[in-house]
Structures are given as C-alpha cells and as structure tokens.
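Below: one structure, written as structure tokens.
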Amino acid sequence: MAIDTGQHYDYELNELLYRQLGIPRPDHFLEVGSSTPVQQTADVLLRTADVLRAAPPAAVIVIGDTNSTLGCALAASKEGIPVVHVEAGLRAAEPNLPEEANRRVVDALAQLLCAPCEGAADRLRVEHAPGAVVVTGDVARDVLIRNLRIAPAPSAQRPFALATAHRAALTASRAALADLVSGLGTIDLPVRLPLHPRTRAALDRFGLMEALPPSVEIGPPLGYLELLAAVRDAAVVVTDSGGVQREAYWLGTPCVTIRTETEWEETVAAGANALVPPGTACEQLATVVDRQRRLRATRAWSADAYGEGDAASRVADAIGGLLD
C-alpha cells in the first residue's frame, strides 16, 4: 500500500515524477496541500491514521525529514504499527530548522533506522536510539543510477552554473534572498535558476524580480530527469537542497551549498561540496565557486560515501528481518 500525502502538489514536483519514472499511482492520495507546518503535519497525521485503521499494514516506511515524514510516523506509532525510517541519523545544529525536529522525533519513534552512511549510524548509536540501526546506503543513489540513462542527453552549450533555492532560511528573509540574488551575479558564468514555487513567491513578495542580475536566467521548476541532466551538465551547482548536493556529488559536479552546515557532511569532507552561509553570498560566492571548480579540475572524489546503489535491497532485507 502506497500513500502520497500531497505535500508536494506542483506538477513538476509531484505528478511529473510518476510519469517520468514509471511509478505506480499511490493507493491513497491525501491532498494535504500547502498550509502552516503545524496544520500540514496535523492533516497528514489524521488522514494517514484513517488509512492505517482501515487496512493496518505490517509496517510503515517513511523517508527523509519532511512534515509528511513526521505526520505518517506519528500516525503509525499511535496506531501501534512499527515505523521504518529511511535516511535516519542525519543531524544539523542550525537553530529552528524545521527538518531537524522532524527527523529527531521520527528517529525516536522508529523500530528500524536505515542510515545512509556509517557516520549517521554511529550518531544514532551514540544517541542510544531505541530502534535497530542498519547502514543501508541512500536510496536516492539507486534512483539516480536507474534513471540517469533516460535523462535528456547532453547538448553543446556554453559552461553554466545551476542554482536552486527553496529553504526558509533564504525565502523568509528579504536580506538573505537579496544577498543570494546579488551573489549569483558575481559568478563568472551564466546562471540558470529554476524557481521553486516558494522562491518565486518570495522574489515577488520582496520585489526582487527586478533585481535579478542579467546573467541569471530564471525558469519553472525542473522535473527530476531534467534536473539530473542540468546537474550533470553544469560547471558548478549552487544550492540549498540536500538532494541536489548529493546528485552533484554522485555526478562529479562541484557544488557550493548556501548554508552554515550540511547534514551531508561527507560531501564536504570529499571536497565535492563547500559551504557559504546565507547572507554572505555577495561577498564569498564567486571566490568559493572558483575554488571548487579548480579543485575539481585537479582531482576526483569517491562517490561511494552513501553506498553503491543497492540501498533499496538493503532496506528490504532489513525490513524482512524486522518482521520475521
């Protein structure tokens, strides 16, 4: 039984995934849509609980750290159904980070904790997490390996930078978003900026559309395959997205992350990723981008910190052991 909460309801962020990747339609679509974090989590909890009561499964698998992750995990726990957390053990010290509260609560509720790497597993053990801890790797790499062959083919083009931004640390602050916009203009490359709906709304709300530098080309959100191709083909990626950080790491594209820290710290340790704190892009971004590009030109990095692309089978094996 599959449940789609509808937290992501934009075509490129939801419906297009089913079409491009050949994913079967979910058994239940909860249609929670956009709301405040509290309301959205409550809607997911209540609607998921109704589904679970009608047809109780042997376990509920949740992935990541979204409001949907938390709501579904709470519903399963309250209904007495084992919770499996895929992508467990990631942590950040950033104050008031919504995802951090979500992931910590889910890790405390889960009977099975599927960590993407040894570092995450070690952290769970140090915290004395109550569930069984298994290193499975990252299922996102499985998806990338399986679908990269059907992504749009590379085309002859000038080198470009790909930028994405969607987190509240940027979109809720006019100063931080204005700094990023200005910082993108300092990069010595044309910049492609596909806009998440939240980011487009923030640019409009803060009157920053007119402030976009001439070198920055905005566009609609990209589908998964189009985003993979853009990350693969870019000279450098600038992002605040955990998913894009890992895709750049796996595809060999240097990355700069607009955050003070990243949960995917192995990408930084490998030299594939560098951090620029929000509010400092205008001052630092061009220098860090140049450094990342030079570093990539002189050496490669291992792309196996989060497994070799067999995470899904490892998760399945771990769930089998849980239910035996």
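The values are calculated or read from the model by the stated rules, or taken from the named source; none is laboratory data. Small disclaimer: the values here were computed from a predicted structure and weren't measured. Cβ coordinates were reconstructed from backbone atoms using ideal geometry, including for glycine residues, and neighbour counts include every protein chain displayed. Each accessible area value is taken on the protein alone, full model and side chains, heavy atoms only, with ligands, DNA and RNA left out. Shrake-Rupley method; radii C 1.70, N 1.55, O 1.52, S 1.80 Å.
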statement: Contact list, first residue from region 301-324 and open to solvent by less than 30 Å² (accessible area, probe 1.4 Å), second anywhere and aromatic (F, W, Y), beta-carbon distance below 7 Å, six or more apart or interchain, is A303/Y249; A303/W250
- prompt: Which condition number in (1) part of a helix (DSSP H, G or I); (2) under 25 Å from E266 (Cβ atoms) is the one that R200 fails?
  reply: (2)
message: As an exercise: evaluate Q157 against (1) polar (S, T, N, Q); (2) open to solvent by 60 Å² or more (accessible area, probe 1.4 Å); (3) within 17 Å of T280 (Cα to Cα) and give the number of the one condition it does not meet.
response: (3)
- request: Confirm whether L74 is crowded, with 20+ Cβ neighbours inside 10 Å and part of a loop (DSSP other than H, G, I, E, B).
  value: no
- request: Determine if region 147-156 includes at least one residue that is of a type in the set (A, V, I, L, M), under 20 Å from W250 (Cβ atoms), touching a residue at least 24 places away in the same chain (Cβ under 8 Å) and in contact with a strand residue (DSSP E or B) (Cβ under 7 Å, 6 or more places away or on another chain).
  value: no
field: Residues of region 235-258 satisfying the condition of being of a type in the set (A, V, I, L, M, F, W, C) and either open to solvent by 10 Å² or more (accessible area, probe 1.4 Å) or under 17 Å from G64 (Cβ atoms) (or both)
entry: A235, V244, W250, L251
- request: Among the numbered conditions (1) within 30 Å of L170 (Cβ to Cβ); (2) in a helix (DSSP H, G or I), tell me where V62 comes up short.
  value: (2)
message: Pull out all pairs, ordered by first then second residue, where Cβ-Cβ is under 6 Å, the residues are six or more apart or on different chains, the first lies in region 174-197 and is without any contact (Cβ under 8 Å) to a residue 60 or more places away in the chain and closer than 27 Å to R232 by Cβ, and the second is among the hydroxyl-bearing types (S, T, Y) and open to solvent by 10 Å² or more (accessible area, probe 1.4 Å).
response: G185/S215; P190/S215; V191/S215
Answer residue from region 35-44, given it is more than 9 Å from N67 (Cα to Cα) and open to solvent by 50 Å² or more (accessible area, probe 1.4 Å) and is modelled with the highest pLDDT among those: Q39
- prompt: What pairs come up if the first residue lies in region 275-299 and is in contact (Cβ under 8 Å) with a residue 40 or more places away in the chain, the second is charged (D, E, K, R) and surrounded by 17 or more Cβ atoms within 10 Å (Cβ to Cβ), and their beta carbons are under 6 Å apart, counting only those six or more places apart or on different chains?
  reply: G279/D179; A281/D179; C282/D179
task: For region 205-212, indicate whether the set of residues that are open to solvent by less than 10 Å² (accessible area, probe 1.4 Å) and either assigned to a helix (DSSP H, G or I) or at pLDDT 95 or above (or both) is non-empty.
output: yes
task: Considering only region 130-142, state which residues are surrounded by fewer than 18 Cβ atoms within 10 Å (Cβ to Cβ) and touching a residue at least 60 places away in the same chain (Cβ under 8 Å).
output: A132
- prompt: When the residues of region 96-111 are filtered to those that are in contact with a helix residue (DSSP H, G or I) (Cβ under 7 Å, 6 or more places away or on another chain) and among the polar types (S, T, N, Q), which remaining residue is most open to solvent (accessible area, probe 1.4 Å)?
  reply: Q111
statement: Taking region 1-22 and keeping residues modelled with pLDDT of 85 or more, assigned to a loop (DSSP other than H, G, I, E, B) and touching a helix residue (DSSP H, G or I) at 6+ places or on another chain (Cβ under 7 Å) leaves T5
- line: Scanning region 112-129 residue by residue, the ones that are surrounded by 15 or more Cβ atoms within 10 Å (Cβ to Cβ) and not in a helix (DSSP H, G or I) total 7
- prompt: Within region 218-238, which residues are modelled with pLDDT of 95 or more and closer than 21 Å to A176 by Cβ?
  reply: I218, V236, V237, V238
- prompt: Listed residues D50, D43, D27; which is over 21 Å from the mean Cα position of the chain (by Cα) and without any contact (Cβ under 8 Å) to a residue 12 or more places away in the chain?
  reply: D50
- prompt: In this structure, is A93 open to solvent by less than 30 Å² (accessible area, probe 1.4 Å), touching a residue at least 40 places away in the same chain (Cβ under 8 Å) and part of a loop (DSSP other than H, G, I, E, B)?
  reply: no
